[in-house]
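Written below as structure tokens is the structure these notes are about.
The values are calculated or read from the model by the stated rules, or taken from the named source; none is laboratory data. Nothing here was measured: the structure is a model prediction, and the numbers come from that model. Here Cβ is always computed from backbone atoms with ideal geometry, including for glycine, and neighbour counts include all displayed protein chains. The area values use the complete protein model at the heavy-atom level, side chains included, leaving out ligands, DNA and RNA. Shrake-Rupley method; radii C 1.70, N 1.55, O 1.52, S 1.80 Å.
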Amino acid sequence: MSIKRRTFLQGTMAGSVIGVAASAGLLSPRTVLAAWPQAAFDSENVAGAMKGLFSSETAADGDITIKAPDIAENGAVVPITVTSGIKGIETMALIVEKNPRPLAASFDMSPTTEGYVSTRVKMGKTSKLIAVVKAGGKLYSASKEVKVTIGGCGG
Amino acid sequence: MASKSIRIRAKAEGASTEVKALISHEMETGLRVDKKTGEKVPAHFIKEVVCEHNGKTILTAEWSVAISKNPYLSFKFTGGKAGDDVKISWVDNKDDRDSETAKIS
């Protein structure tokens, strides 16, 4: 009993140390948000992002539409809307192929959530936007090329 | 904590409800160089946004620094009706967080 209590105390101590380190920005806050896919977001190429997020690099063509400007004058704010008629979407991911870290966002959806997401992303330079949808354990993707005249990655 | 960082508009049209949200946040990439000091500005960005309908999670967004400053998010779901609660909360990489609840109109 007392040993268990000791282990428990040590556990909480270690936990709080990690918490402090994380809030100081020393550790990546993987410990704070268990769901945040660190490896996928850290990846510097599309294949790594796909693998980190979906454990697979390949996706079939599917009923996915990407709405984004053909030419974005300001890469810091590129509006993008993804719609999909695929049933039972579990996850929708947005990837900007030529960004330093391609994975921009991942959306986990409930059964009542429709296949529709709209947001604004940063694009460092002209690149393909890739939308990946996971539904029923299968992967589908679509892409669209967006030309960027001024980059949005702080350069 | 900075309150009112989130603005939500939720509108039901038939079976479908469209939620639009605007969040005030720097979304600093960690790549930008401060012109005065010549040093890189540390990354500061929202990592996770959770959207709930009457207490049930309907969308969890995991974001990177590639989401634009003052993020905009819009999504749709079925089963919502006027008067229902839509709650949106975010947490960033410095563990700052905020949440806001709005009624569907």
Original post:
Of A:PHE107, A:VAL77, A:VAL133, whose Cα points farthest to the positive end of the dipole of the stretch A:37-148 (charges on the beta-carbon: +1 Lys, Arg; -1 Asp, Glu; origin at the Cα centre)?
Top reply: A:VAL77
Subject >> Inter-site label distance for B:ASN70 and A:ALA47 at 7 Å from Cα along Cβ, in nm >> reply: 4.1 nm
**OP:** For the stretch B:80-88, take each phi angle, set θ = phi - 60°, evaluate the Karplus expression 6.51 cos²θ - 1.76 cosθ + 1.60, and give the result in whole Hz per residue in order, putting x for glycine and proline.
**Re:** x, 9, 3, x, 5, 8, 10, 10, 10
Original post:
What are the principal axis extents of the Cα atoms in the stretch B:6-103, in Å, biggest first?
Top reply: 54, 21, 17
**OP:** Taking amide H positions as placed in the peptide plane 1.01 Å from N, state which residues far from A:SER141 in sequence (5 or more) or on other chains have amide H under 5 Å from it.
**Re:** A:ALA60, A:ASP61, A:GLY62, A:VAL133
**OP:** Over the whole of B:67-73, what's the average partner chain Cβ count within 10 Å per residue? Rounded to a whole number, please.
**Re:** 6
**OP:** Treat each spin label as a single point 7 Å out from the Cα along the C-beta direction, and report the A:ILE71 to B:ASN54 distance in nm.
**Re:** 4.9 nm
Original post:
Residues of the stretch A:80-119 with accessible area at least 30 Å² lower in the all-protein-chain context than alone (1.4 Å probe)?
Top reply: A:ALA104, A:SER106, A:PHE107, A:ASP108, A:SER110, A:THR112, A:THR113, A:GLU114, A:TYR116, A:SER118, A:THR119
**OP:** Sticking with the crude label model, points 7 Å out along Cα→Cβ, report the distance from A:SER56 to A:ILE86 in nm, one decimal please.
**Re:** 0.9 nm
**OP:** Using θ = phi - 60° and the Karplus relation 6.51 cos²θ - 1.76 cosθ + 1.60, list the HN-Hα couplings for the stretch A:95-107 in order, rounded to whole Hz, with x at every Gly or Pro.
**Re:** 10, 10, 3, 9, 5, x, 10, x, 5, 9, 7, 9, 10
Subject >> Rounded to whole Å, sorted largest first: equivalent-ellipsoid semi-axes of the stretch B:48-105, Cα gyration tensor >> reply: 22, 12, 10
Original post:
With a ≥ b ≥ c the root eigenvalues of the C-alpha gyration tensor of the stretch A:37-148, is it rounded (a/c under 1.5), prolate (a/b larger than b/c) or oblate?
Top reply: oblate
**OP:** Would you mind calculating the relative contact order of the stretch B:6-103 from Cα pairs under 8 angstrom and at least 6 residues apart, reporting the percent as a whole number?
**Re:** 33 percent
**OP:** Pop out the ³J(HN,Hα) list for the stretch A:113-124 in order, Karplus 6.51 cos²θ - 1.76 cosθ + 1.60 with θ = phi - 60°, rounded to Hz; leave Gly and Pro as x.
**Re:** 7, 7, x, 8, 9, 10, 7, 10, 10, 9, 10, x
**OP:** Kindly compute the accessible surface that chains B and A hide from a 1.4 Å probe when together, both sides summed, and give it to the nearest 100 Å².
**Re:** 2900 Å²
Original post:
How high is the FRET efficiency between A:THR112 and B:ARG32 when r is their beta carbon distance and R₀ equals 41 Å, given to the nearest 0.05?
Top reply: 0.60
Original post:
Long-range amide H contacts for A:VAL121: which residues qualify at under 5 Å (H placed 1.01 Å from N, peptide plane, sequence gap of 5 or more or a different chain)?
Top reply: A:VAL78, A:ILE80, B:SER68
Subject >> the stretch B:34-105: trypsin sites (Lys or Arg not before Pro) in DSSP loop, at most 14 other beta carbons within 10 Å >> reply: B:LYS35, B:LYS36, B:LYS81
Original post:
Considering protein heavy atoms only and a 1.4 Å probe radius, which residues within the stretch B:1-33 exhibit an accessible-area decrease of no less than 40 Å² in the full assembly relative to the chain by itself?
Top reply: B:LEU31
Original post:
Roughly how many Å² is the accessible area per residue of the stretch A:37-148, as a whole number, for a 1.4 Å probe?
Top reply: 43 Å²
Original post:
On average, how many beta carbons from a partner chain sit within 10 Å of the beta carbon of a residue in B:45-51?
Top reply: 3
Original post:
In terms of modelled amide H atoms, which long-range or inter-chain residues lie less than 5 Å from the amide H of A:GLU114?
Top reply: B:LYS76, B:PHE77, B:THR78
